[in-house]
Amino acid sequence: NAGVTQTPKFQVLKTGQSMTLQCAQDMNHNSMYWYRQDPGMGLRLIYYSASEGTTDKGEVPNGYNVSRLNKREFSLRLESAAPSQTSVYFCASSEDEVRDEQYFGPGTRLTVT
Amino acid sequence: AQKVTQAQTEISVVEKEDVTLDCVYETRDTTYYLFWYKQPPSGELVFLIRRNSFDEQNEISGRYSWNFQKSTSSFNFTITASQVVDSAVYFCALSDYMTTDSWGKLQFGAGTQVVVTP
């Protein structure tokens with residue numbers, strides 16, 4: 001089992017460019033999440049999907065969109081990247097959004113210049 | 001709203017010393033779950049343990065042990081005989097069924113940096 005995979009691992013964008021971060025899990029989990037982690041800020045939830053076919057905003061959704069493509073895949077799109085979106089992005093999944101632990105991908109380090 | 005407080009920002013120890021990380025939580029729910037995660041310098045987040053609110057039995061797993069006390073709303077984590085490989089940021093987290101705001105169901109603490117020197 002690969003667990004949670006994310007692509008790419010590193011990305012540099014210019015302000016205004018767009019990109020999609022891909023995430024896939026092979027654990028048949030119902031819930032999936034996107035977080036960003038900034039120095040001194042801990043983990044902040046961007047969007048989550050409690051189950052296939054649903055998505056909800058988290059704490060910091062502005063500037064992002066998500067797609068739950070199927071049960072395995074949950075993508076995060078930056079439509080017009082800004083320097084404030086420079087961060088490390090983590091995808092995670094869990095069987096249940098309350099009861100169960102989340103398993104995290106390796107992260108994507110994004111720099112917007 | 002739920003809340004998780006990790007008051008210790010950083011703890012530095014010499015190898016073989018014990019390290020205890022404090023976690024205090026707040027929730028109005030009677031059914032909730034507590035977690036500890038580890039984030040080593042390589043950056044990945046690793047799940048360590050889960051406890052539900054009905055199970056106050058403390059656990060020992062190798063050099064790790066956890067002390068869950070509902071009376072003080074604490075879920076502390078101890079590393080016995082620390083090693084350099086234990087150097088990491090440790091996050092405590094809480095989830096419950098009553099939270100309906102935009103934080104989602106899982107609330108992380110700010111994390112405690114553990115530095116173990118030889």
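The values are calculated or read from the model by the stated rules, or taken from the named source; none is laboratory data. Since the structure is predicted, the reported quantities are computational estimates derived from the model, not experimental observations. Cβ placement follows ideal geometry from the backbone for every residue including glycine, while neighbour counts extend to all protein chains displayed. Quick note on the areas: whole protein, heavy atoms, side chains included, nothing else; ligands and nucleic acids left out. Shrake-Rupley method; radii C 1.70, N 1.55, O 1.52, S 1.80 Å.
Under the condition of being more than 12 Å from the chain's Cα centre (by Cα) and closer than 30 Å to A:Gly58 by Cα, which residue from the range B:69-86 is surrounded by the most Cβ atoms within 10 Å (Cβ to Cβ)?
If we filter the range B:69-86 for residues that are more than 12 Å from the chain's Cα centre (by Cα), which is where we start, we get B:69-73, B:80-86.
From the residues that got through so far, the ones that are closer than 30 Å to A:Gly58 by Cα too are B:69-70, B:72-73.
Working: B:Gln69: 11, B:Lys70: 12, B:Thr72: 10, B:Ser73: 16.
Here the residue is B:Ser73.
Restricting A:Thr54, A:Thr15 to those that are modelled with pLDDT of 95 or more, among the β-branched types (Val, Ile, Thr) and either under 15 Å from the mean Cα position of the chain (by Cα) or open to solvent by 10 Å² or more (accessible area, probe 1.4 Å) (or both) reduces the list to A:Thr15. Filter the range A:63-94 for residues that are loosely packed, with under 14 Cβ neighbours inside 10 Å and under 22 Å from B:Gly43 (Cβ atoms) and give the result. A:Pro83, A:Ser84, listed by residue number. The C-beta contact set for the range B:39-51 (first residue open to solvent by less than 50 Å² (accessible area, probe 1.4 Å), second residue part of a loop (DSSP other than H, G, I, E, B) and among the aliphatic types (A, V, I, L, M), distance under 7 angstrom, 6+ apart or interchain) comprises B:Gln39/B:Leu45.
For the range B:1-49, the strands (runs of 3 or more DSSP E) that sit wholly inside it and include 2 or more residues that are within 14 Å of chain A (Cβ to nearest Cβ) are B:3-5, B:32-39.
B:Ala110 - would you say it is farther than 19 Å from A:Gly105 by Cα, within 13 Å of chain A (Cβ to nearest Cβ) and under 12 Å from the mean Cα position of the chain (by Cα)? Yes, satisfied. Residues of the range B:95-114 include none that is closer than 18 Å to A:Arg36 by Cα, among the aliphatic types (A, V, I, L, M), free of Cβ contacts under 8 Å to residues at least 24 places away in the same chain and open to solvent by 20 Å² or more (accessible area, probe 1.4 Å).
For the range A:61-100, which positions are in contact (Cβ under 8 Å) with a residue 40 or more places away in the chain, assigned to a strand (DSSP E or B) and more than 14 Å from every other protein chain (Cβ to nearest Cβ)? A:Glu73, A:Ser75, A:Leu76, A:Arg77, A:Leu78 - these are the residues of the range A:61-100 that are in contact (Cβ under 8 Å) with a residue 40 or more places away in the chain, assigned to a strand (DSSP E or B) and more than 14 Å from every other protein chain (Cβ to nearest Cβ). The set of residues in the range B:56-68 that are surrounded by 12 or more Cβ atoms within 10 Å (Cβ to Cβ) and not hydrophobic (A, V, I, L, M, F, W, C) comprises B:Glu56, B:Asn58, B:Glu59, B:Arg63, B:Tyr64, B:Ser65, B:Asn67. Cβ separations smaller than 7 Å between residues 6+ apart or across chains give the following pairs from the range A:33-50 residues that are within 8 Å of another protein chain (Cβ to nearest Cβ) to residues that are open to solvent by 20 Å² or more (accessible area, probe 1.4 Å) and of a type in the set (S, T, N, Q): A:Leu43/A:Gln37.
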